[in-house]
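Encoded as structure tokens, the structure appears first; notes follow it.
The values are calculated or read from the model by the stated rules, or taken from the named source; none is laboratory data. Owing to the predicted nature of the structure, the values given are computational and were not obtained by experimental measurement. Cβ: placed from backbone, ideal geometry, glycine included. Neighbour counts: every protein chain shown. Surface accessibility is based on the protein's heavy atoms, side chains included, excluding ligands, DNA and RNA. Shrake-Rupley method; radii C 1.70, N 1.55, O 1.52, S 1.80 Å.
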Amino acid sequence: MVVPRPAQLANTGDAPFTLLPGARIIVAGTGAETVGRLLRDELATDCRRDLVVVHEPPAFGDIAIVIADDEGPVGHPAEGYTLEVAAEGVRIGAATAAGAFWGVQTLRQLVPAACDGDPLTVDAVRISDHPRFAYRGAMLDVARHFFPPADVKRFIDAIVLLKVNHLHLHLTDDQGWRIEIASWPELTLHGGSTGSDGSPGGFYTADEYRDLVAYAAERCVTIVPEIDMPGHTNAALASYPELNADGVAPALYTGSEVGFSTLQTGDAVTDRFVREVIGEVAALTPGPYLHIGGDECLSTPEEDFLAFIDHAAHVVTEAGKIPVGWHEMGRSSNLPGGTVGQYWSFRTPREGAADETLSFVRAGGAVIMSPADVAYLDIVYEEGDPIGQDWADGATDLRSSYEWDPARIVPGLGDAHILGVEAPVWTETIATIEQVEDMAFPRLAAVAEIGWSAAPADTADIDTARDFDAFTARIAQLAEHWDALGTSYRRVADVPWPESVAG
Ligand code: TNX
């Protein structure tokens, strides 16, 4: 009973594994020690067990993590793993640290959630598992409401349990600029001082951002920074008068409108701004991607938008990163080859979104699927909820967040061109990390499973192809772990939630 559902899981029917005093975590191979230490820390938190991590041959009752080229499921070296639980011991095998780490996450879900009593037993299973897509993402909008590093780490801890391996940080918007840029200090000093609804604002220093990236990387999560442009830029325009056509800085903005701000495209100061900001963010970011937004540029004349986007995307490539942009950027036919598009229209594409999305593929790039009516986690669960938005055709319940498939949305766009899926949490109405979690869980588990687990055999009618009842049964078990970890989640209808918990 694991989320996302593993590729192959067999109950062997043999005697279970019992975690006995003196059991050790055995590590072998490059990266295994880090993964072993994370497992040790997780077992200490999850179960108050204190295991040592050692480089020694396994003995009866140990948990072994073995990383080597010939480990893990054949044909899935990048993130695949095998996991065997038997009376003799537990063994995770993988070709990479990421694979081993995902094996550890599966093991955590197999260990009983209320496990601080004795004895701790785990049913005997044999698992062979690997992801369908390389990119399983969540997005946190830290621009509308700012979330300090500790909150972001807490969110990373929660998403890795679902094998989500990318965290897209929406770092800049009209309401706030959240990452220190040494060459443009007012961006954070002034532009970072506010947030939606008059919230206090804040920003990450370069060191804090580096530390977040490292924390994520240790947990096999790649940070994807987004500097949204040329729209969604009021915080920058308010910080530097010279970025404005009339040389007058607008006031800081704390409302929820979109589409009213734009950089002055084609201007020399704007050009220097774009180069220096992208250069600094690229230098701070070890991951391959740099997202430049490009969405909802309703105040940028079309020709200027196209010229700007082409230019900015090439600046990203020159800085050594792969540009990522919302699907509107696909209106350009001059994007650098390999630019990644992020689709945010509906399950049924509207207003040119399908063609704009295919344009990335025509340029040799891939696509991340974030259909707003099923994958946006800030959309309300139920009409009338006080927190969240309802613009994407009303509420998104757990069933709708589960019953879709990324390869059944844009005609002509199949698995080969889909990098993966991503579920964004926009935070105009979301002020605390508990609220973020309450909106994200359990729906992020649905999107994570769509990104990780094999497609249903017949996706023609995706509503019936996915087994929602089986999914909700697994979610109910996962909720025991959320309770134990202190992760907030919404007790939506349709799930047989556990009763014995504080909630
Ligand atoms: C659309 S999705 C936006 C965001 C909002 C969000 C609210 C996208 C590329 N732009 O600016 O925060 O809707 O759900």
Discussion item. Could you work out [θ]222 nm for the chain from helices alone, using -39500 (n - 2.57) per DSSP H run of at least four and dividing by all its residues? Round to the nearest 500 deg cm²/dmol.
Written reply: -9500 deg cm²/dmol
Item to complete: Place a +1 charge on the Cβ of each Lys and Arg in segment 8-129 and a -1 charge on the Cβ of each Asp and Glu, then give the dipole magnitude about the Cα centre in debye, rounded to the nearest 20.
Response: 160
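Would you work out the relative contact order for the chain, in percent, from Cα pairs under 8 angstrom that are 6 or more residues apart?
13
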Discussion item. Order 172-184, 280-292, 383-395, 24-36 from most to least packed using the mean count of other Cβ atoms within 10 Å.
Written reply: 172-184, 24-36, 280-292, 383-395
Worksheet entry | Mean Cβ neighbour count within 10 Å, used as a protection proxy, ranking 135-145, 102-112, 6-16, 451-461 highest first | 135-145, 102-112, 451-461, 6-16
Item to complete: With only Lys, Arg, Asp and Glu charged, each at its Cβ (+1 for the first two, -1 for the last two), find how big the charge dipole of the chain is about the Cα centre; round to the nearest 20 debye.
Response: 1200
Worksheet item: How do SER299, SER196 stack up against each other in accessible area, from largest to smallest, with a 1.4 angstrom probe?
Response: SER299, SER196
Discussion item. Over 5 Å intervals from 0, what percent of Cα-Cα pairs in segment 185-225 sits in each interval?
Written reply: 6, 22, 19, 18, 16, 13, 6
Worksheet item: So what are the radius of gyration and Dmax for the Cα set of segment 8-129, in Å?
Response: 13.1, 40
Item to complete: With a 4.7 Å Cβ cut-off, tell me which Cys residues in the chain come up empty for a partner.
Response: CYS220, CYS297
Worksheet, complete the sentence: Helix 353-362 sits off the longest principal axis of the Cα atoms of the chain, rounded to the nearest 10 on a 0 to 90 degree scale, by 80
Item to complete: Just round it to a whole percent: the fraction of Cα-Cα distances in the chain exceeding 35 Å.
Response: 33
Worksheet item: Mind checking the angle between helix 443-452 and the chain's longest principal axis? C-alpha axes, 0 to 90 degrees, to the nearest 10.
Response: 80
Worksheet item: If amide H atoms are built 1.01 Å from N in the plane of the peptide, which residues on other chains or at least 5 residues away come under 5 Å of the amide H of VAL224?
Response: LEU167, HIS168, LEU169
Worksheet item: Can you give the net charge of the other residues whose Cβ lies under 11 Å from the Cβ of PRO225, counting K and R as +1 and D and E as -1?
Response: -1
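What order do you get for 146-153, 374-381 when each peptide is scored by the mean count of other beta carbon atoms within 10 Å, highest first? Before the final figure, lay out each step's value.
Numbers: 146-153: 17.9, 374-381: 24.8.
Those peptides, ordered most packed to least, come out 374-381, 146-153.
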Discussion item. Is there a quick way to get the dipole size of segment 364-449? I mean about its Cα centre, with the Cβ of Lys and Arg at +1 and of Asp and Glu at -1; what is the value in debye to the nearest 20?
Written reply: 380
Discussion item. Output the 0 to 90 degree angle, nearest 10, between the alpha-carbon long axis of helix 32-47 and the longest principal axis computed from the alpha carbons of the chain.
Written reply: 80
